[in-house]
1. Answer yes or no: is there a residue in segment 52-60 that is modelled with pLDDT of 85 or more and in contact with a Gly (Cβ under 9 Å, 6 or more places away or on another chain).
2. Considering only residues that are in a loop (DSSP other than H, G, I, E, B) and modelled with pLDDT of 85 or more, which ones fall in segment 279-300?
3. From the list 245, 197, 254, which one is touching a helix residue (DSSP H, G or I) at 6+ places or on another chain (Cβ under 9 Å), surrounded by fewer than 18 Cβ atoms within 10 Å (Cβ to Cβ), at pLDDT below 90 and acidic (Asp, Glu)?
4. If I filter segment 203-231 down to residues being touching a residue at least 24 places away in the same chain (Cβ under 8 Å) and of a type in the set (A, V, I, L, M), which single residue comes out as farthest from residue 273 (Cα to Cα)?
5. State the number of residues belonging to segment 205-231 that are part of a helix (DSSP H, G or I) and surrounded by fewer than 16 Cβ atoms within 10 Å (Cβ to Cβ).
6. In segment 35-51, how many residues are farther than 24 Å from residue 297 by Cβ and either at pLDDT 90 or above or part of a strand (DSSP E or B) (or both)?
7. Residue 259: of a type in the set (Val, Ile, Thr), in a helix (DSSP H, G or I) and over 25 Å from residue 88 (Cα atoms), yes or no?
8. Restricting to segment 283-300, name every residue that is free of Cβ contacts under 8 Å to residues at least 60 places away in the same chain and either hydroxyl-bearing (Ser, Thr, Tyr) or more than 16 Å from residue 140 (Cα to Cα) (or both).
Amino acid sequence: MELSHIQDLRKPKKLVENRISFLGPESEVSIYDTYLPENLVRLDADQLMYCGMINGKKIMHSELQDDQVFLPHESFVLAPGETVDIDFPEATVDSPTTCLTVEISKEKVLEITEKLFNSGAIQLSAEDTWDSPGTVMHRHHCAATQRLLNRIVKLFTENHQDRDMLIDLNVSELIIRMLREQERDILISHSIQAPCESNLTTAINWIRDHINEHLDIDRLCRESCMSRSSLYAKFKLRLGCSPMEFQQQLRLKEAARRIKRGEVVTSVCYDLGFSNLSHFCRRFKIIYGCTPTEFRERIL
């Protein structure tokens with residue numbers, strides 16, 4: 001993420017969570033720099049808070065989930081009223097730990113959620129989303145979301161003639177992406193709890209159970225009682241990808257989990273059905289922003 005144009009504004013006034021903020025319509029962007037190691041620094045979310053890691057590493061402590069390592073190319077979402085405590089194990093003056101937050105008003109989130117729900121674009125109502133107490137969401141975000149965050153920072157920090165309108169459009173896109181991810185998580189979780197509830201949950205669960213095997217689309221159609229065209233249409237509508245892409249995503253997520261446990265990268269690659277280590281590393285870097293080896297070094 002390019003921040004050189006605001007380098008003068010980022011000159012530290014304090015060494016832990018030095019903050020600069022930019023106000024937009026129903027939203028606010030802040031950039032935090034920390035220049036020395038520190039533990040248990042409190043962060044409170046007054047509005048829905050989307051956090052994106054830019055540089056370095058944080059460890060997030062929350063009562064709602066186990067401790068989480070927070071790295072670049074990852075997102076951390078807090079519902080209004082939630083709190084986390086943060087450790088900064090690697091921060092230095094020469095290489096500060098840097099994080100971006102986008103705070104979005106509850107009214108804006110509700111507006112976008114209701115529009116999508118009423119149009120049938122999503123099946124989540126406002127009550128089902130993370131914009132309610134008791135929600136903390138941590139995930140790796142894709143390259144498209146990273147590009148969106150870059151645009152948001154650029155719009156907030158530059159004096160464009162259509163600044164407010166463009167900010168509103170891009171913040172709306174960020175909300176839509178979060179809603180899609182939340183709907184997807186609920187669907188995948190539901191496929192584990194009730195795999196036979198629908199054709200789609202059956203297909204999702206079958207792919208999960210055969211994650212390390214070549215995906216036979218014809219067999220998947222038979223197992224889920226769907227035609228090929230219906231299978232692809234439902235995956236695209238509800239998950240935003242094809243069945244094969246979905247299997248790749250599950251494989252890479254499982255690979256990251258196993259690498260975090262300290263398993264050997266080569267073993268993880270072939271155990272999960274990848275036939276080529278170079279291909280595995282390229283796919284992993286697209287999703288996680290670094291190679292599997294670099295990811296392992298960051299975590300461990």
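1. no
2. Residues of segment 279-300 that are in a loop (DSSP other than H, G, I, E, B), as a first pass: 289-291, 300.
The one that is in a loop (DSSP other than H, G, I, E, B) and modelled with pLDDT of 85 or more: 291.
3. 197
4. Once the filter is applied, the top-ranked residue is 226.
5. Residues meeting the conditions: 8.
6. From segment 35-51, those farther than 24 Å from residue 297 by Cβ are 40-50; that's our starting set.
Next, from what is left, pick out any that are either at pLDDT 90 or above or part of a strand (DSSP E or B) (or both): 40-44, 48-50.
Selection size over segment 35-51: 8.
7. no
8. The answer is 291, 293, 297, 300.
The values are calculated or read from the model by the stated rules, or taken from the named source; none is laboratory data. None of the values given here were measured: they were computed from a predicted structure. Counting neighbours? That spans all protein chains shown, and the Cβs are built from the backbone with ideal geometry, glycine included.
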